[in-house]
Structures are given as structure tokens and as C-alpha cells.
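Q: Structure incoming, see below.
Derivation of every value follows stated rules applied to the coordinates shown; laboratory data play no part. Remember, it's a predicted structure, so these values are computed and weren't measured experimentally. With ideal geometry, Cβ positions are generated from the backbone for all residues, glycine too; neighbour counts draw on all protein chains shown.
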């Protein structure tokens, strides 16, 4: 039953396993993500750095133990006994239990929770409010206009060409600014995005901001972020929403505060 | 006591409408292989599209005229392929192959029973799966194609034909096939639970059960508890589609320029019901593969599994936790953020018992005497997949990092490692291990090892690299990943992943050929070719109708390997067959 020439085989398996471990650790260490451009996004990245360090260390230790066992007990030699003392067995269980519990829960509570709070917590008074309506397969961004009040929206008013968001233009909605597939915001100011969908589930995702929030039709959702750098960023739909899901992309343009005011004034004038 | 009933002689009762658990197990496994051929083919078409979204494929257009138009895969058909690949792989390959197939074959043999508790129910459960498979496959040929709303079938997309071409008759067939699957799987689970709890032979206490049977017991209990939620969701979805109800449809949806009437429901309800099943289902699939890994590592490591009791306890803790963490699939759904944090705390807690399982598997090699058979190679592969996949799970379970990683390729890589590779390797290890008992012949070890190498290396490249794509921001279910500029610089990885998966897919031909060739031409197997200690190795290969002439009684645990002074160096669970009269026949 014992295979005589197993040493070569066990060495190649060890090489394979070490190769997978090394590939995993090196690949995860590369900074693949688009450069972060929001305040809480830095926190999200810090959580991922923490997870890289902790899970990477565990993977390396566990792999080395596995490979060591394969090396010592995989070459046809016969260790006298398989017995391991009850004490060693207890430690073997206790260390992973305590280690994993500590690492996993510290990640969620100490590293993650404060960032979670930045996204889902209290909305600051000075936050800019933008209303996003998602529909197959485009984004409509709405600003309250000169009166500072959003108009109401009604499904029955929706018209693909002239009124894609179904805005009631009779009341305070008369001066609302509606943009297609682009949203303009100033740098450094919290942005509170109100999220609606006209038809199916969508997800409002800005990879560079580490923002991802599903949009559930029938409810008005929210997300909150503060951009840190001016520039143009991609907006993606992250929840399958139909055959055109893959091309439901939009733009987020982040201006300096002065530029933003100028842009807003121009848009406000256009509506009136 | 000799066997009371002779084996049925007619071809139909022996091989087709059989009530013998071994035949039914083999029927399930062969059905799973058949369905896997489709699901793998679809995945190849998916990978071709993702890697080269701008290319024309006139040849494929000729092969699959319904999917391609002038050599271009249609976006809605791409979504059908993604949906059907996921559905068929999870429910019609892994569930019925690993759980129903191996479960049926091995449970009575490992617990010392002559058959399942309810043989007729068992036969019915298989013959309900057959129309379910046919309905699933047929849905590709209806107008507007197969279901395309993802394997999760989230409404409103899946509820309204106006929202998506595949949400027509294809989605209805999908729901009906799933309903049949659930009926069948529930019958099977009840049979497993009853057999394991009530039909154990004399001396087979719960803590003498081999771990494969333990994991199948836990998987069955999870299935029975969780599937009713999906049943409810499926019925409500069907009513929303056909009966003008609005369980999942809110008021005022605008589709195709028309405001839909009615409403008042919410899609979030469906998500909760779906994942109340969906998450335990992951463990229904993963745990039996872990059980097989323990049995295989012990047999070919020639030592008892490390920490049998802590393993059983960890399995139970995993099972309990798996029922109360479904919300981690919905962190970004807009649910209450406090609830999100609760789900996050409980979810990452699962890594604790899972770490114990992984470390016990590794330590089962401590002072072992390793025999590198094909089954053992896949057993070792499971350990690596659990390690990488499980640790990656921590990134998704932590709600804050999931904000970035949700619905990205990180998720795709993660679940392919866990419920693709762990479970797939479980089925491969189980096949190489129990094939002699199933068919009385050996599979080719040479082909088996080649199969391992040509599978292990490429799938780990593919699915680990998918994590990196996710870190780079690539989103799942995109017909054309190059839509987004930020993703363009990492598109080359999609090409590498596709090539790796083509190699892995081709390697499965080796397995299929080995399986069916060995069935008829493999070397004759002894009763106990691997010197295994558990009960299944005390009967002939292939084991006869009703399994034993005399059902053996059990006097010790299943892993008494390398015992000093023992004949052959190990002690079988059953003392000697002749010394034990009676049995539970």
C-alpha cells in the first residue's frame, strides 16, 4: 500500500501549495483599487489593510504548518505513534478560537464600526442634498433649484423624453435642476444623496469613493459621503437591473467650491 | 439472520425505479454529472464573453443559434447563461450530486442500515428531480429565453416580463423547477435525518459516526429548516407574476413608459426570504465536503481525525450561526444599519468554529503516514480552498469592507472557492474514495492524479485572481466589463482567468472518462481497498442488495488507525462479522 517513490510527488505538492500561498499574499498586497477620493473611503481602505495584514498572517502560518506536516509525514517514513497529548489538543483548539474571535470582531467593531457610522450615521446640517432617480438604464440627478425646495415626483408624470424623473413642475419643482447621467458636487462638503428607483433594483456605486448603496423601488434610500479630491469619477450600477445593466454608467464631477457655485448659478439661470 | 428479501430481478426495478439507496445515490451522481456538462459549457461561453467582449464568434453563433446573433452573444442571453449556470451548479449539480448522491450512497453503509428509512420516498425524491432538471433545461427553448434575473431571482426584475426578456415563461419554468427541487430535497433530507437518528446499528452511538455522516445530518437539518422560506418566496413570486398579487412589488413602478397598477409590497421581503434559505444552503453544500475531507484524510493519513469532539461541536456551532446571519448578503440593501452591524458581528463569528475545523483537518496530518492517492490529493485541496476562501470571507463578512466589495468579482471568486471548489473537490475525493464500493471496480489512479493537477492549479489561479478583480472594482454580472474606464487597466486579468478556466474545464473530461470507463473496465476492487476502518468497508464491493448478509455491530469509533498490536495495524469499527449475530435487518 505504501507508495515507494512518493517523495517527488509530495515535494511537488508542497511547491504547489506554497506557490498558491505566495501568489495569494503577493496579489492581495497589490493596490488594485482606484485611488480613494472620499473621507470614509480612507476608512474602508484601512479596514481592508487590517484584513490583509491579519488574514494574510493566518494564511501564511496555517500554510507553513500544513506544508511542514506534508514534508515530515508524507515521505513514507513511519512516526512511531500518532498520539498527541490532550494538553496539546486543547491548545490547538484554544489558540485559533481566541485568535480568530479577536481578529474578526476587532475588525468589525474597532476598525469597521466608526466608518459604518460615517456612512449611516447622523447627516450633517450643511450637507448638500442631491436626489438621484435610477431607471433602466440611466441616472437622473436632481437639485432643488433657486427656492431650495425639491418638487414632488409622481410616476404618472414620467415621460422618457421630456420628464424622465416624473417631476411635478407645477409647485416647488418648477425650478428643479434635472441632469442625465451626471452629478456635480463640491469637494470637501458632505453630500447626502437621496436614492429612488422608478422600476427595479439598482445600486448606486462610486468605486473611487467606496460608495455602494442599493436602491429599492418604493422606498427613498440614502447615502452619505464627502469627496476629498476634485476630478471626474465613474458612477456604476452594481445591482443587476436588466439587459442594459452593463452600460448603466454615469459621471460624478467634483469641483472646487468656487467652481461648483459658478456651475450651480449657471444651471439655476438655465431653468428660469 | 439472512437477508429476507431477494434483490429485485427486473431491469426496471433494479436500475430505473429502484428503491435501493445505493442505486438512487448513483442515479443522483450521474444526473449531477450530466447537468454539470451543461453548466460548465455555459460557463465557457460566459468566460469567452467577459474576456473578449468586442469579438465576434460566428462559430459559436452556429453552435448556439438562440444565444448569438451574427456572432455576437446577446446581452439578455448572457444574463440567462449567468443565471442558469449559478442555479444549475448550486441546486442541480452540487446539491443533488454531493448531498443527495453521496448522502444516499454512504449514509446507510456508514451507520449500518440495510437501506434508507423510507425507500419508496427515496425513489420518489429522485424521480421528482428528473422533471425538475428537464424543466430547467427546457427553459432555454421558450420564447424570450431562460430566466435571466440572476440565481437570486430578485424581484421586481424577476417578477415582471416587461423588465427583462428572460422574465417571461423562462422565469416561470425556473420557479416550477425550483419548487420540484425543493420538494425532492426536503424528502431526501427527512430520509437522511430519520435514517441517521433511528437506523444506526447496534453500538453505533452518535459519537461513533464517521464525520461524513455527521455533516450530512447537519446539512439535512439545515435544509429542512431553511428551504420552507424559499418555498414561500417562490410561491409569492409566482403569484406576483401570474396572479396580480404584489408581495414584492411596490406602488407606482414605471416600466416601458407605463405605470403598473397595484403594488404595496417590497422587494426587500423577497431578499430576506431568499437569503434565509440562501445562506444556510451554503453550509448545506460546504459541510458534507468538509466531512468527506475528514474521512479521506484520516483513511489516507492512517491516524484518527484530530479532535473528533471539537469537530462535531464546531459543526453544530457553524450550523446554528448559519441560520442567523443571512442579512450579510444585504449590507448594502438599505436595511437598518444597526441590523447590518448585528449581522456583521454574527457573521465573522462563524470564522471561529470554521478555524477549528480547518486546523483540525491540518492537524489530522500530524504524525500521519500519508498515502497520496487521488482521493487524498483532493482532500488536501479542500484544506487549501477552505483556508483561502474562508479567510476571504472575513473581508465580505465585515460590513464596512463589504461596502466596497459587495457585488464585485471578490464575491464571485469567494463563493467559487467555497461552494465551487470545496464542494467540487468533495465530490471528486468522494468519487475516487467510494467508487470501488459503488461499482466494484477501481478508478484509474494515474488519470485521477493528472485530473487533480490539471484542476487544482488553474482553478486557484482563476478564483484567487477574481478576488483581485474585485479589489480593482470589477462588478459581477456585467455583459461588458470594459464599459467602465477604471476597470480597463485590469481587463487583462479576465483573459488570464478565462484561459485558466478553459484548462480546468478540459481537465474534467479526464474525470468523466475515468468515471465511466472504470465503471465497466476498471480493475476489480477488493472489499476494502484502502484499509478503511468505518462500516462501509466491511461489505463486499460492490455491496449487495440490503448491504450485508448480517448487519455488523459496532464496538469503537470510525478512525482507529495505527493501533499497536492490531492485525493490519488498524481496528475496524465492527469487531468481527461472524461474532455478531442478528443485527437490525
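Q: Does anyone have the angle between helix B:374-397 and the longest principal axis of chain B? Alpha-carbon axes, 0 to 90°, nearest 10?
A: For helix B:374-397, the angle is close to 40 degrees.
Q: Another question about this same structure. Quote the FRET efficiency, to the nearest 0.05, computed for residue A:147 versus residue B:269 with a Förster distance R0 of 60 Å and r equal to the Cβ-Cβ distance. Numbers along the way, then the final one.
A: Working: r = 37 Å, r/R0 = 0.62.
The value I calculate is 0.95.
Q: Continuing with this model, one more query. Ratio of Rg to Rh for the stretch B:205-306, alpha carbon only, Kirkwood?
A: Details: Rg = 21.4 Å, Rh = 16.6 Å.
Dividing the radius of gyration by the Kirkwood radius yields 1.29.
Q: I'd like the FRET efficiency for residue A:85 and residue B:336, computed as 1/(1 + (r/R0)^6) with the beta carbon distance as r and R0 of 56 Å, rounded to 0.05.
A: Working: r = 49 Å, r/R0 = 0.87.
Taking R0 as 56 Å, the efficiency between residue A:85 and residue B:336 is 0.70.
Q: Could you work out how much longer the chain between residue B:509 and residue B:52 gets when fully extended? Use 0.36 nm per residue separation minus the Cα distance between them, nm to one decimal.
A: Fully extending the segment from residue B:509 to residue B:52 adds 162.1 nm.
Q: In addition: On the first, second and third principal axes, largest extent first, how far apart are the outermost C-alpha atoms of the stretch B:472-585 in Å?
A: Reported extents, whole Å, longest axis first: 74, 33, 29.
Q: Order these peptides, B:237-249, B:381-393, B:274-286, B:185-197, by their mean beta-carbon neighbour count within 10 angstrom, highest first.
A: Top of the packing list down: B:381-393, B:274-286, B:185-197, B:237-249.
Q: Mind pulling up the Rg/Rh value for the stretch B:37-116? Radius of gyration and Kirkwood radius, both on Cα.
A: 1.26
Q: Still on this structure: What is the P(r) of the stretch A:42-116, as percent of Cα-Cα pairs per 5 Å bin from 0?
A: Once binned at 5 Å, the Cα pair distances of the stretch A:42-116 give 3, 12, 15, 18, 15, 11, 9, 7, 5, 3, 1.
Q: Explain nothing, just the number: relative contact order of chain A, from Cα pairs under 8 Å at least 6 residues apart, as a whole percent.
A: Values: 428 pairs, mean separation 52.4, N = 272.
Relative contact order of chain A: 19 percent.
Q: Starting with the highest mean, order B:462-475, A:177-190 by the number of other Cβ atoms within 10 Å, averaged over the residues of each peptide.
A: B:462-475, A:177-190
Q: Other chains near A:195-206: what is the mean number of their Cβ atoms within 10 Å of each residue's Cβ?
A: What the average comes to for A:195-206 is 5.
Q: If you bin the C-alpha pair distances of the protein assembly as shown every 20 Å from 0, what whole percents do you get?
A: 15, 47, 29, 8, 1
Q: Within a 10 angstrom radius of the beta carbon, how do B:309, A:247, A:210 rank from fewest other beta carbons to most?
A: Arranged by neighbour count, lowest to highest, B:309, A:247, A:210 become B:309, A:247, A:210.
Q: Ok, one more. D for chain B, whole µm²/s, Stokes-Einstein with Kirkwood Rh over alpha-carbon pairs at 20 °C and 1.002 mPa s: what number?
A: 87 µm²/s
Q: Please state the relative contact order of the stretch A:107-205 as a whole percent: Cα pairs under 8 Å, 6+ residues apart?
A: Numbers: 143 pairs, mean separation 34.5, N = 99.
Worked out over the stretch A:107-205, it gives 35 percent.
Q: Still on this structure, I have one more. May I ask you to sort A:17, A:137, B:520 by Cβ crowding, counting other Cβ atoms within 10 Å and putting the fewest first? Spell out each step's value before the answer.
A: On the way: A:17 22, A:137 18, B:520 8.
Lowest count first: B:520, A:137, A:17.
Q: Still on this model: Would you mind getting me the FRET efficiency between residue B:194 and residue B:519? Use the beta-carbon distance for r and R0 = 25 Å, nearest 0.05.
A: On the way: r = 30 Å, r/R0 = 1.22.
Using R0 = 25 Å, I get an efficiency of 0.25.
Q: Quick check: pseudo-label points 7 Å beyond the Cα along Cα→Cβ at residue A:263 and residue A:174, how many nm apart are they?
A: The modelled label-to-label distance comes out at 2.7 nm.
Q: Taking the 0 to 90 degree range and rounding to the nearest ten, how far is the long axis of helix A:257-271 tilted relative to the main principal axis of chain A, both from C-alpha atoms?
A: Here the helix axis deviates by roughly 50 degrees.
Q: Also: How many nm is it between the label spots at residue A:192 and residue A:232, if each spot is 7 Å from the Cα in line with the beta carbon?
A: Label-label distance for residue A:192 and residue A:232, simple model: 3.0 nm.
Q: For the stretch B:417-486 and the stretch B:286-329, what is the centre-to-centre distance using only Cα atoms, to the nearest Å?
A: 20 Å
Q: How many partner chain Cβ atoms sit within 10 Å of a residue's Cβ in peptide B:70-80, on average, as a whole number?
A: 2
Q: Still on this model: Based on the Kirkwood radius over alpha-carbon pairs, what is the Stokes-Einstein translational diffusion coefficient of the stretch B:295-430 at 20 °C with 1.002 mPa s viscosity, in µm²/s?
A: Roughly 134 µm²/s, to the nearest whole number.
Q: Moving on to the next point. Could you tell me how many degrees, from 0 to 90 and to the nearest 10, lie between the Cα long axis of helix B:308-322 and the main elongation axis, the longest principal axis, of the Cα atoms of chain B?
A: Relative to chain B, helix B:308-322 is tipped by roughly 20 degrees.
Q: If you don't mind, there's one more thing I want to ask. Under a point spin-label approximation (7 Å from Cα along Cα-to-Cβ), what is the residue B:316-residue B:549 distance to one decimal in nm?
A: Each label point is offset 7 Å from its Cα along the Cβ direction, giving 4.0 nm.
Q: If packing is taken as the mean number of other Cβ atoms within 10 Å per residue, what is the order of B:552-563, B:436-447, highest first?
A: Descending mean neighbour count gives B:552-563, B:436-447.
Q: Continuing with the same structure: How large is the Rg to Rh ratio of chain A when both quantities use alpha carbon positions and Rh follows Kirkwood?
A: Dividing the radius of gyration by the Kirkwood radius yields 1.19.
Q: Same structure again: Within 10 Å of each residue's Cβ, count the other Cβ atoms and sort A:219, A:93 from fewest upward.
A: A:219, A:93
Q: For the stretch B:142-238, evaluate the Debye formula with one uniform point scatterer on each Cα (no solvent term) and list log10 I(q)/I(0) at q = 0.10, 0.16, 0.19 Å⁻¹, rounded to two decimals.
A: Per q value, in the given order, log10 I(q)/I(0) is -0.41, -0.72, -0.85.
Q: Per residue of A:215-222, how many C-beta atoms from partner chains lie within 10 Å of its own C-beta, taken as a mean?
A: Counting Cβ atoms of other protein chains within 10 Å of each residue's Cβ and averaging gives 6.
Q: Taking Cα pairs under 8 Å and at least six residues apart, what relative contact order does chain B come out at, in percent? Working shown, then result.
A: On the way: 1045 pairs, mean separation 95.2, N = 585.
Relative CO of chain B lands at 16 percent.
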